[in-house]
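Bear in mind that the values in this text are calculations on the coordinates, not laboratory data. All figures in this text were calculated on a predicted structure; none of them were measured in a lab. Note that we place each Cβ from the backbone using ideal geometry, even for glycine, and neighbour counts take in every protein chain shown.
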Amino acid sequence: MLAEPDLVHYLLRRELIGTASIVDGDLTIVDASRRNHNFGILRDHGPSYLLKQGIDLERSASVSNEARIYQFFHSAAERDGFTGYLPRYFGYDPDEHVLLLEFLGDVEDLREYHARCGRFSTKIAEAVGDALSLLHRKNWVSLEGGGDAPVCRPPCMLSIHRPDLEILGSISGTNLQVIRIIQQDPEFCDLLDELHQSWKTVALIHGDFKWENCLVSAPAKNKTLKIIDWELGGLGDPAWDVGSVFATYLSYWLAFVPVTTATEPRQSLRLARYPLEKMQPALRSFWRSYVARMQLDLMAAEQQLVLAIKYGAARLAQTAYEQMHSSPQLLGNAVCSLQVSLNILKNPRNAGTTLLGIPPLSN
């Protein structure tokens, strides 16, 4: 594991910096760790780097997978408009399990952006639709010497009501309460089983799409979108990525619903700080952009939309589950998210119209 004092020697050895950067003091190192062991190497003259290194065998494998995805994106055959949505790739060191990317400074993720602005940009949503459509149309076999593509298994949330010993050994008490709520409703379990069985590995997907993995440039600049953290990327069902976009908006809506025992649930939803009506133009912009770039006909678009809405419901429940991992008690908003998830799974097309604001395309 590289420590901060090792970084300068490592970068010199890889010829990513020269001695002039050290002599001139043009080198600042910041700890940028999240799930992995990350450092930002900032420079005024020359590229700045993000160094990612897994902290254990499992994380090292995920960083290695992310490196394969970046190698594919930056191969000669795949240099197209999609690379504009990515940080630059500087290489992967398999001996040290180190991935080197461009360090993106003066940016904020989409959750921070929406919290600061209090509005939901249709332009950014359109860019997300464009980016995902470009991603889902890519052909992995064009990677020179790439071998078999990594395969994304169905998300754990689709079988969370049947937890194995590994899951039970690593979850919190509130996570267990979420699982029990799902298990107590046979229809909820059946609908998740149906989704699990419908999973297809037909396109390259991000696998963990959420606002925290989307960066936009600082307020004073023209907005540019960058999508990061490809550790779960691989061949999977593109409707999962699309549904994850829907879920990010719905979970943000529900996070600011004042849930109390004294307020009737429908009334609580109407008191949300960010009403769905303010989000729906962005959701429509995203979906229309995606459909247009994918060149889907009306029937294919409707089928894809219904499946994506179902996956979005599952991802909404997954977000609630993940948020409860460090919570000492089960929060009302998490229970509300589970109920909304079930309601969407029961009637996905109606949810598409009433919640997402996406009418049938024939209209």
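Does anyone have the angle between helix 4-13 and the longest principal axis of the chain? Alpha-carbon axes, 0 to 90°, nearest 10?
It is inclined by approximately 60 degrees.
Taking other Cβ within 10 Å of each residue's Cβ, how do Cys336, Cys117, Cys214 sort, fewest first?
The fewest-first ordering by Cβ neighbours comes to Cys117, Cys336, Cys214.
Using +1 at the C-beta of Lys and Arg and -1 at the C-beta of Asp and Glu, which of Leu134, Pro163, Pro150 has the Cα lying farthest in the positive direction of the dipole of segment 115-200?
The residue sitting farthest along the positive end of the dipole is Leu134.
Report, in listed order, any pair from Lys226/Lys310; Lys52/Lys226; Lys210/Lys278 with a Cα-Cα distance greater than 22 Å.
The pairs that break the limit, which is 22 Å between Cα atoms, are Lys226/Lys310.
Distances longer than 27 Å among the Cα atoms of segment 107-354: what percent of all pairs is that? Don't jump to the answer; show the numbers that get you there.
Numbers: 11130 of 30628 pairs.
Every Cα pair in segment 107-354 considered, those over 27 Å come to 36 percent.
Tell me, Ser251, Ser170, Ser285 in order of fewest to most beta-carbon neighbours within 10 Å?
The fewest-first ordering by Cβ neighbours comes to Ser170, Ser285, Ser251.
Tell me the label-point distance for the pair Ala300, Asp44, using the 7 Å Cα-to-Cβ offset, in nm and rounded to one decimal.
Each label point is offset 7 Å from its Cα along the Cβ direction, giving 5.3 nm.
Apply the a/c threshold of 1.5 to the C-alpha gyration tensor of segment 4-102 and tell me whether it is rounded, prolate or oblate.
Taking the square roots of the gyration eigenvalues as a ≥ b ≥ c, segment 4-102 is oblate.
Would you mind ranking Lys52, Lys123, Lys278 by Cβ crowding within 10 Å, fewest neighbours first?
Lowest to highest Cβ neighbour count: Lys123, Lys278, Lys52.
Any aspartates and glutamates with Cα under 17 Å of the Lys346 Cα? List them, leaving off those in the same chain fewer than 8 positions away.
Those aspartates and glutamates meeting the cut-off are Asp185, Glu187, Asp190, Asp193, Glu194, Glu302.
Once segment 96-204 is represented by equal point scatterers at the alpha-carbon sites, with solvent omitted, what log10 I(q)/I(0) does the Debye formula produce at q = 0.17, 0.18 Å⁻¹?
-1.16, -1.13
Would you mind checking the tilt of helix 173-183 against the longest principal axis of the Cα atoms of the chain, expressed as 0 to 90 degrees and rounded to 10?
Computed tilt is about 50 degrees.
Could you list the residues of segment 322-346 with an amide nitrogen less than 13 Å from a label point located 7 Å from the Cα of Cys189 in the Cα-to-C-beta direction?
Answer for segment 322-346: none.
To the nearest 10 degrees, how steep is helix 186-198 against the longest Cα principal axis of the chain, on a 0 to 90 scale?
For helix 186-198, the angle is close to 40 degrees.
If I stretch the segment between Thr354 and Ser198 completely, what's the gain in nm (0.36 nm per residue apart, minus their alpha carbon distance), one decimal?
Extra length from Thr354 to Ser198 when fully extended: 53.7 nm.
What nm distance separates the two modelled labels at Glu277 and Arg35, each placed 7 Å from Cα along Cα→Cβ?
3.8
Just grab the label-to-label distance for Ala115 and Asp6, each label 7 Å out from Cα along the Cβ direction, in nm (one decimal).
3.3
Rounded to the nearest 20 Debye, what is the dipole magnitude of the chain about its Cα centre when Lys and Arg each give +1 and Asp and Glu each give -1 at the C-beta?
Values: 35 positive and 42 negative charges, 286 e Å.
Computed charge dipole of the chain: roughly 1380 debye.
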